[in-house]
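So the structure is just underneath, and the comments pick up after that.
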Amino acid sequence: MKLREIATALDLQVQAAAGKLDVEVTGGYASDLLSCVLAKAQKGNIWVTLQAHPNIVAVASLLDLAGIVITEGRKPEPDTVEKANEKGVPILTTPHATFTLVGELAKLGVVGVD
Amino acid sequence: MEQRTAKEITKLQELAYELKVGQAMTKEVITVSPYSTMAEFMEVLRVNRISGTPVLEEGRMIGIVSIEDLIKALAAGELNATVGEKMTPNPVTLYADEPLVHAVSKFSELRFGRFPVINRAGELVGIITQGDIARAMLRRLEVDYHEEEIHRYRASHIFEDIIADEIALVFGYRVAARDFERAGEASSGLKRTLSRLGIHPRVIRRVAVATYEAEMNIVIYTDGGEIVAEVRPGRIRIEALDKGPGIPDIEQAMQPGFSTAPEWVREMGFGAGMGLPNIQASADEMKLESTVGVGTHLDIIIYFDERKGT
């Protein structure tokens, strides 16, 4: 499933790198601890988190993740958006909590990696 | 083959965001006066082999007139009518500094043949058709492709091209203390360099994870330092060196979950006590030495033949 289709289906707001939404999502991972993401998330995964600071872009870019969803209505910081556009890492937002969003992702067939 | 097509479409969409309308438009715009007759306008189209022009009055754009307006005038036998009567007033315009993707969506939404392009002062600076968009994208694709080819050739042949008993490429990155703004630049720079060298993506992932954790340790806990990567045929060695304060108990620091991170760092999602264990899991060999008051020296090796595997 493409990131664009997921964004449409779950009504996610695109905050950065709108030109990179046609990437295939290979699965998902949810955590607010960056080291856990580094250890577990796989290439092409969608990452669901509460973190909104610029370092999430570095992590997603290093792992070639498909994109980041920031939950609970948090907005990425301006530096985060700038970095994400520069590195081509899509950032999406949702008012829902992480648990709810992951449930919705699972219904769409996006599965965990472990 | 299907995948390849999908990839190229994505690349085109990316280009449509990168390129600006001003880079794709035709800059020499042929215009007509609202007081010209439709017969004169027909002559302008014929001579210049175009299908429409903006209408200018005293340097100000007041409308657009196209071959369709001409056909309607012909059918009604009104070739002596003025352009001003037959034009479409207040045409839809694009700004030269808008991303090209806006032009693409306006073409598909409104199905017009052309859009005048203006600058932020409202002055006409060009005109754009779908043909201009296609040409601009092809030009850019060609340039990108060429550059990528050159990079790939230069980098991936380096070990074959250099004749020596021993070869080592050394890349150094400075890491500033507490600079969360630039944190991650060293590891992403190294990752990019390694992919240009043609190193396997699975190996690059391990290097990227280990280097990022080491980089963040320098940013969060030390007074600054550097990361040095040394690539030789078959393996990469990464050293992270800092200027202190040093780790009092290395065994304790290596325990998963042990962290001395302050609360504000934890709130950012760092300081989970997983950094050093992550480095260990990514590396084939790892050495960690530290002297309190002097600094810490992390030394890891990752082999390209994936003896560890992930």
Please go through the stretch A:52-92 and pick out each residue that is farther than 21 Å from B:Ala210 by Cα, within 12 Å of chain B (Cβ to nearest Cβ) and polar (S, T, N, Q). A:Thr80, A:Asn85
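Yes/no per residue for (1) in a loop (DSSP other than H, G, I, E, B); (2) without any contact (Cβ under 8 Å) to a residue 60 or more places away in the chain; (3) under 18 Å from B:Glu181 (Cα atoms); (4) among the acidic types (Asp, Glu):
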position: A:Gly28; (1), (2), (3), (4): no, no, no, no
position: A:Cys36; (1), (2), (3), (4): no, yes, no, no
position: A:Gln42; (1), (2), (3), (4): yes, no, no, no
position: A:His53; (1), (2), (3), (4): yes, yes, yes, no
position: A:Ala58; (1), (2), (3), (4): no, yes, yes, no
position: A:Asp64; (1), (2), (3), (4): yes, yes, no, yes
If we ask which residues in the stretch A:1-26 are assigned to a loop (DSSP other than H, G, I, E, B) and touching a helix residue (DSSP H, G or I) at 6+ places or on another chain (Cβ under 9 Å), their number turns out to be 8
Within the stretch A:80-99, residues surrounded by 14 or more Cβ atoms within 10 Å (Cβ to Cβ), assigned to a helix (DSSP H, G or I) and not small (Gly, Ala, Ser) come out as A:Thr80, A:Val81, A:Glu82, A:Lys83, A:Asn85, A:Lys87, A:Thr98
Regarding B:Ser188, is this residue touching a helix residue (DSSP H, G or I) at 6+ places or on another chain (Cβ under 9 Å) and over 19 Å from A:Cys36 (Cβ atoms)? yes
Got at least one residue in the stretch B:248-259 being among the aromatic types (Phe, Trp, Tyr), touching a helix residue (DSSP H, G or I) at 6+ places or on another chain (Cβ under 8 Å), closer than 28 Å to A:Thr80 by Cβ and within 14 Å of chain A (Cβ to nearest Cβ)? no
Restricting to the stretch B:177-209, name every residue that is of a type in the set (Gly, Ala, Ser) and either touching an Asp or Glu at 6+ places or on another chain (Cβ under 8 Å) or modelled with pLDDT of 95 or more (or both). B:Ala177, B:Ala183, B:Gly184, B:Ala186, B:Ser187
Residues of the stretch A:31-47 being within 13 Å of chain B (Cβ to nearest Cβ) and within 14 Å of A:Leu92 (Cα to Cα), which ones? A:Asn45, A:Trp47
Any idea which of B:Val83, B:Val101 is of a type in the set (A, V, I, L, M) and modelled with pLDDT of 90 or more? B:Val83
Being more than 17 Å from B:Met286 (Cβ to Cβ), surrounded by fewer than 22 Cβ atoms within 10 Å (Cβ to Cβ) and either in contact with a Gly (Cβ under 8 Å, 6 or more places away or on another chain) or not assigned by TED's automatic domain parsing to the domain that holds B:Gly295 (or both) is the requirement here; does B:Asp179 meet it? no
When you look at B:Met254, is it at negative phi, assigned by TED's automatic domain parsing to the domain that holds B:Thr296, in contact (Cβ under 8 Å) with a residue 24 or more places away in the chain and over 29 Å from the mean Cα position of the chain (by Cα), yes or no? yes
One residue from B:Pro277, B:Pro262 being in contact with a Gly (Cβ under 9 Å, 6 or more places away or on another chain) and free of Cβ contacts under 8 Å to residues at least 12 places away in the same chain: B:Pro262
Condition check: buried (at least 16 other Cβ atoms within 10 Å of the Cβ), in contact with a Lys or Arg (Cβ under 9 Å, 6 or more places away or on another chain) and within 13 Å of another protein chain (Cβ to nearest Cβ). Does A:Leu21 satisfy that? yes
Candidates B:Val55, B:Val47, B:Val32 - the one that is over 21 Å from B:Arg111 (Cα atoms), in contact with a strand residue (DSSP E or B) (Cβ under 6 Å, 6 or more places away or on another chain) and of a type in the set (A, V, I, L, M, F, W, C): B:Val32
Could you check, for the stretch A:96-112, whether at least one of its residues is within 14 Å of chain B (Cβ to nearest Cβ) and at pLDDT below 95? no
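The values are calculated or read from the model by the stated rules, or taken from the named source; none is laboratory data. Only a predicted model underlies this, so the values are computations on that prediction, with no experimental measurement involved. Cβ: placed from backbone, ideal geometry, glycine included. Neighbour counts: every protein chain shown.
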